[in-house]
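Undergrad: First the structure, then my questions, so here it is.
The values are calculated or read from the model by the stated rules, or taken from the named source; none is laboratory data. Owing to the predicted nature of the structure, the values given are computational and were not obtained by experimental measurement. Don't worry about glycine lacking a Cβ; one is built from the backbone with ideal geometry, like all the others, and counts go over all protein chains shown.
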Amino acid sequence: MRPWLLALFCLLFSAPARAADYYFTASDGARLHYTETGPAGAPFLVFVPGWTMPGWIFAPQLKAFSPKYRVVLFDPRGQGSSEITATGYNQDRRGEDLGELVDLLPGKVVVIGWSLGVLDTLAWIHQGGSDKLAGLVLIDNSVGENPPPTPVPDPPGQPVPPPRNRDEKMYDFVAGMFRSCPARDYLDRLTASCLRVPQAQADELRRYPVPRSYWKEAILSTDVPVLYAVRPRLEGQAQNLLIDRPNTSIAIFPKAGHALFVDEADHFDALMQQFLDDKVGL
């Protein structure tokens, strides 16, 4: 075979499939977006992002897992390319939204929730929505275990910074999720997506009105395999979850930022693949 033809063949058959955009209408009328790619008939991996974040923040995982799995990146309501609705920014509606997406997918699914996506996933489970669940990956948020997370105080003696506008605050928040800071154009694009969520809806997403026990009840109510990947501030919860809940695996990321699946994508992807192989059997 001629070298140029071999190169073209390798490019065509080694590159991941392009993700396609899909929309569905939730039971309250909201038009919600997700992207999907991967081999037809493959097991589904559904990724749920954090506060105000778009699903495409999981781009490293889409690249890593779409050759073998059907990868779905979900934009929760108000986020990414989903409709900005006036209401529905609470754990009950967000759990329903995720459940209605899962119901559209054939067969069992593994759900991967990060940050607020952990709580949205546990809210769906709390509502009795785990019949299609094959496994759970929960990334860097509390699951209601003890000890409760403690706020990180400001360093003593630091001057009070001047007031900033919302754009500046969001940019700092986004940049602060990474230990290894991505390129400026990436941060600008991610910040712009987060700012799409109006202030009132973003604030409501920070105030899920349930006690911490709600999340623990949810995770203890299902016996599917769980991988709990966290930074050291949640290591105590991870260790207690191992005691309280069989079929749980934990992973601690001491050198990563909150978006640990981006900061240490290769390490995270390898752990997740091992979990899918050994614990979930996919």
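Undergrad: Going by the structure shown, is V224 crowded, with 21+ Cβ neighbours inside 10 Å, touching a residue at least 12 places away in the same chain (Cβ under 8 Å), β-branched (V, I, T) and not in a strand (DSSP E or B)?
TA: In short, no.
Undergrad: Another question, then. Just to check your reading of the model, which residue among A183, A200 is out of contact with any Asp or Glu (no Cβ under 8 Å at 6 or more places or on another chain), among the hydrophobic types (A, V, I, L, M, F, W, C) and under 20 Å from T85 (Cα atoms)?
TA: Working: A183 fails: under 20 Å from T85 (Cα atoms).
That would be A200, the only listed residue that is out of contact with any Asp or Glu (no Cβ under 8 Å at 6 or more places or on another chain), among the hydrophobic types (A, V, I, L, M, F, W, C) and under 20 Å from T85 (Cα atoms).
Undergrad: Of the residues in region 30-42, how many are touching a residue at least 60 places away in the same chain (Cβ under 8 Å) and of a type in the set (A, V, I, L, M, F, W, C)? Lay out the reasoning, then the answer.
TA: Kept after step one, since they are touching a residue at least 60 places away in the same chain (Cβ under 8 Å), are these residues of region 30-42: 30, 32, 34.
Next, from what is left, pick out any that are of a type in the set (A, V, I, L, M, F, W, C): 30, 32.
Result for region 30-42: 2.
Undergrad: Given the conditions (1) part of a helix (DSSP H, G or I); (2) over 18 Å from the mean Cα position of the chain (by Cα); (3) surrounded by fewer than 17 Cβ atoms within 10 Å (Cβ to Cβ), report the number of the one that M170 does not fulfil.
TA: (3)
Undergrad: Another question, if that's okay. Just to be sure I understand, how many residues within region 190-201 are crowded, with 17+ Cβ neighbours inside 10 Å and free of Cβ contacts under 8 Å to residues at least 12 places away in the same chain?
TA: 0
Undergrad: Consider region 202-221. How many of its residues are assigned to a helix (DSSP H, G or I) and either surrounded by fewer than 19 Cβ atoms within 10 Å (Cβ to Cβ) or among the β-branched types (V, I, T) (or both)? Show your work before the answer.
TA: Here is the first cut: in region 202-221, the ones assigned to a helix (DSSP H, G or I) are 202-205, 212-220.
So of that shortlist, the ones also either surrounded by fewer than 19 Cβ atoms within 10 Å (Cβ to Cβ) or among the β-branched types (V, I, T) (or both) come out as 203-204, 212-214, 217, 219-220.
Selection size over region 202-221: 8.
Undergrad: Of all residues in region 184-198, which are part of a loop (DSSP other than H, G, I, E, B) and within 19 Å of the chain's Cα centre (by Cα)?
TA: Pass one, region 184-198, residues part of a loop (DSSP other than H, G, I, E, B): 196-198.
Selection gives R196, V197.
Undergrad: Condition check: out of contact with any helix residue (DSSP H, G or I) (no Cβ under 7 Å at 6 or more places or on another chain) and surrounded by fewer than 16 Cβ atoms within 10 Å (Cβ to Cβ). Does Q273 satisfy that? Let's see the steps before the verdict.
TA: Details: out of contact with any helix residue (DSSP H, G or I) (no Cβ under 7 Å at 6 or more places or on another chain): yes; surrounded by fewer than 16 Cβ atoms within 10 Å (Cβ to Cβ): yes.
So Q273 fits the description; yes.
Undergrad: Condition (residue is of a type outside the set (D, E, K, R), under 15 Å from the mean Cα position of the chain (by Cα), surrounded by 18 or more Cβ atoms within 10 Å (Cβ to Cβ) and within 18 Å of F74 (Cα to Cα)) applied to region 142-150: is it met by at least one residue? Working first, answer last.
TA: Just the residues of region 142-150 that are of a type outside the set (D, E, K, R), to begin with: 142-144, 146-150.
Checking the rest, the ones that are also under 15 Å from the mean Cα position of the chain (by Cα) come to 142-143.
Next, from what is left, pick out any that are surrounded by 18 or more Cβ atoms within 10 Å (Cβ to Cβ): 142-143.
Retained after the next criterion (residues that are within 18 Å of F74 (Cα to Cα)): none.
No, every residue in region 142-150 fails to be of a type outside the set (D, E, K, R), under 15 Å from the mean Cα position of the chain (by Cα), surrounded by 18 or more Cβ atoms within 10 Å (Cβ to Cβ) and within 18 Å of F74 (Cα to Cα).
Undergrad: What are the pairs with Cβ atoms under 6 angstrom where one residue, in region 43-65, is within 10 Å of S115 (Cβ to Cβ) and the other, located anywhere, is buried (at least 24 other Cβ atoms within 10 Å of the Cβ) and of a type in the set (D, E, K, R)? Sequence gap at least six, or different chains.
TA: If the second residue must be buried (at least 24 other Cβ atoms within 10 Å of the Cβ) and of a type in the set (D, E, K, R), the pairs left are V48/D120.
Undergrad: Would it be correct to say that L282 is closer than 20 Å to V71 by Cβ, modelled with pLDDT under 95 and of a type in the set (A, V, I, L, M, F, W, C)? Can you show your working first?
TA: Working: closer than 20 Å to V71 by Cβ: yes; modelled with pLDDT under 95: yes; of a type in the set (A, V, I, L, M, F, W, C): yes.
Against the criterion (closer than 20 Å to V71 by Cβ, modelled with pLDDT under 95 and of a type in the set (A, V, I, L, M, F, W, C)), L282 qualifies.
Undergrad: Scanning region 202-221 for residues that are among the acidic types (D, E) and in contact (Cβ under 8 Å) with a residue 40 or more places away in the chain, which turns out farthest from P149 (Cα to Cα)? Spell out the reasoning first.
TA: Taking region 202-221 first, the residues among the acidic types (D, E) are 203-204, 217.
Filter once more, keeping what is in contact (Cβ under 8 Å) with a residue 40 or more places away in the chain: 204, 217.
Values: E204: 20, E217: 17 Å.
Checking each candidate, the answer is E204.
Undergrad: Can you confirm whether region 142-164 contains a residue that is modelled with pLDDT of 95 or more and closer than 16 Å to G50 by Cβ?
TA: Within region 142-164, one or more residues are modelled with pLDDT of 95 or more and closer than 16 Å to G50 by Cβ.
Undergrad: Here's something else I'd like to know. Can you name the residue in region 1-26 that is out of contact with any Asp or Glu (no Cβ under 6 Å at 6 or more places or on another chain), assigned to a loop (DSSP other than H, G, I, E, B) and modelled with pLDDT of 50 or more and, of all such residues, is surrounded by the fewest Cβ atoms within 10 Å (Cβ to Cβ)?
TA: R18
Undergrad: Answer yes if at least one residue in region 176-183 is outside any loop (DSSP other than H, G, I, E, B), buried (at least 16 other Cβ atoms within 10 Å of the Cβ) and aliphatic (A, V, I, L, M), and no otherwise.
TA: Let us first name the residues in region 176-183 that are outside any loop (DSSP other than H, G, I, E, B), namely none.
Within region 176-183, none of the residues are outside any loop (DSSP other than H, G, I, E, B), buried (at least 16 other Cβ atoms within 10 Å of the Cβ) and aliphatic (A, V, I, L, M).
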